[in-house]
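Take a look at the structure below.
The values are calculated or read from the model by the stated rules, or taken from the named source; none is laboratory data. Everything numeric in this text was worked out from a predicted model, so none of it was measured. We place every Cβ from the backbone using ideal geometry, glycine too, and count neighbours over all the protein chains shown.
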Amino acid sequence: MDNWDLTSLQRVLEETVQNTIGEAEKGQVPSYIPELARQEKRRLGVSVCLKDGSVFSAGDAHLPFTLQSISKTFSLMVALCEHGERYVFERVGKEPTGDPFNSIIKLETIKPHKPLNPMINAGAIAVAGMIPGGSVEERLEKIMRLLRKMTGNPDLRVNDEMYQSEKQTADRNRALAYFLKDSRILDGDVEETLDLYFRHCSIEVTTVEVARLAAILAADGYDIASKEQLFPREVARICKTFMVTCGMYNASGEFAIDVGIPAKSGVAGGIMAAVPQRMGLGVFGPALDDKGNSVAGVKLLQKLSDLWDLSIF
Ligand code: GLU
């Protein structure tokens with residue numbers, strides 16, 4: 001259904017949020033980052049960005065939240081644009097892990113000790129290490145510049161409380177990073193690379209912005225708003241493939257069957273879903289299931305996928 005009746009599109013979004021928000025009761029907000037633990041559980045917002053750039057939203061679409069793991073897609077994009085595929089994939093793999101996103105176990109047991117993919121924490125920290133620049137600020141700016149262009153929001157910023165909260169409670173990520181340094185996957189100053197990683201995870205957005213990011217991925221890097229190709233098609237293809245194989249943590253297989261849209265979630269409850277050549281979706285629902293995905297967010301995407309026949313498979 002691509003000849004959208006826009007009034008019914010808006011109605012469907014509102015009704016679907018209304019009859020899905022109760023799912024939030026089945027999940028929990030994460031407790032390992034204090035700033036995330038303060039989020040209110042019963043929230044659900046969705047935005048859809050169509051091919052022509054128009055955006056429709058319902059529910060808590062204007063509430064800010066942090067990108068968290070969704071940002072890993074864009075640090076990967078910057079690393080691929082700066083260094084090319086060969087360099088990046090010499091240092092990080094292309095396979096799903098079957099382990100939790102912050103697991104350390106395979107780093108030691110698999111040889112060479114490179115992280116299995118860029119969507120797990122170890123892989124994303126390795127990717128952060130590849131972003132060049134003279135200071136953390138300069139390196140972060142490379143990611144921010146891309147995200148500001150894609151979202152059309154020049155004021156996009158890092159949520160400082162979230163960043164501090166992550167930094168102060170990041171012993172697990174620190175352990176991953178020092179292991180990567182010991183294995184020669186990370187060069188340079190480990191604390192600076194961790195700092196870059198915490199900051200890009202703490203970039204604040206709304207579902208409207210996430211839907212725009214997704215729409216540009218769906219359009220293979222073409223931004224209808226600026227009429228510019230913002231990154232090469234090949235880079236979009238690689239990112240979307242990782243979204244299918246490892247974007248929804250250890251539930252990526254189940255999500256592919258039930259929803260069938262390339263998607264990346266984050267522990268703040270966001271999900272970015274890119275329906276190739278059709279639309280981008282941004283969803284926010286802070287209560288997570290035991291795999292780390294927004295419970296109500298996944299359900300909402302499943303309902304919309306069924307209704308609008310969005311599965312790519
Ligand atoms: N900043 C979070 C962490 O490092 C990101 C995790 C996520 O969203 O999956 O634990």
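Below, the figures for the structure above:
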read-out: Test: Asn19 is at pLDDT 95 or above, more than 16 Å from the ligand (Cβ to nearest atom), surrounded by fewer than 17 Cβ atoms within 10 Å (Cβ to Cβ) and polar (S, T, N, Q); value: yes
read-out: Some residue of segment 143-163 being under 18 Å from the mean Cα position of the chain (by Cα), within 11 Å of the ligand (Cβ to nearest atom) and not in a helix (DSSP H, G or I); value: no
read-out: Residue count, segment 297-313 (criterion: closer than 11 Å to Ile271 by Cα and part of a loop (DSSP other than H, G, I, E, B)); value: 0
read-out: Residue under evaluation Glu35, criteria (1) part of a loop (DSSP other than H, G, I, E, B); (2) under 20 Å from the mean Cα position of the chain (by Cα); (3) more than 19 Å from Leu213 (Cβ to Cβ); (4) of a type outside the set (S, T, N, Q), criterion not met; value: (1)
read-out: Condition check for Val78: in contact (Cβ under 8 Å) with a residue 12 or more places away in the chain, more than 14 Å from the ligand (Cβ to nearest atom), β-branched (Val, Ile, Thr) and not in a loop (DSSP other than H, G, I, E, B); value: yes
read-out: Pairs, first under 18 Å from Glu204 (Cα atoms) and at pLDDT below 95 in segment 43-70, second within 16 Å of the ligand (Cβ to nearest atom) and not in a strand (DSSP E or B), C-beta under 7 Å, six or more apart; value: none
read-out: Tally of residues being within 16 Å of the ligand (Cβ to nearest atom) and of a type in the set (A, V, I, L, M) across segment 275-313; value: 5
read-out: Residue match in segment 195-205 (condition: within 16 Å of the ligand (Cβ to nearest atom) and over 16 Å from Val267 (Cα atoms)); value: yes
read-out: Selected residue (only one of Gly297, Gly260, Gly247, Gly266 is modelled with pLDDT of 95 or more, small (Gly, Ala, Ser) and over 28 Å from Glu85 (Cβ atoms)); value: Gly297
read-out: Tally, over segment 96-130, of residues that are surrounded by 19 or more Cβ atoms within 10 Å (Cβ to Cβ) and more than 16 Å from the ligand (Cβ to nearest atom); value: 2
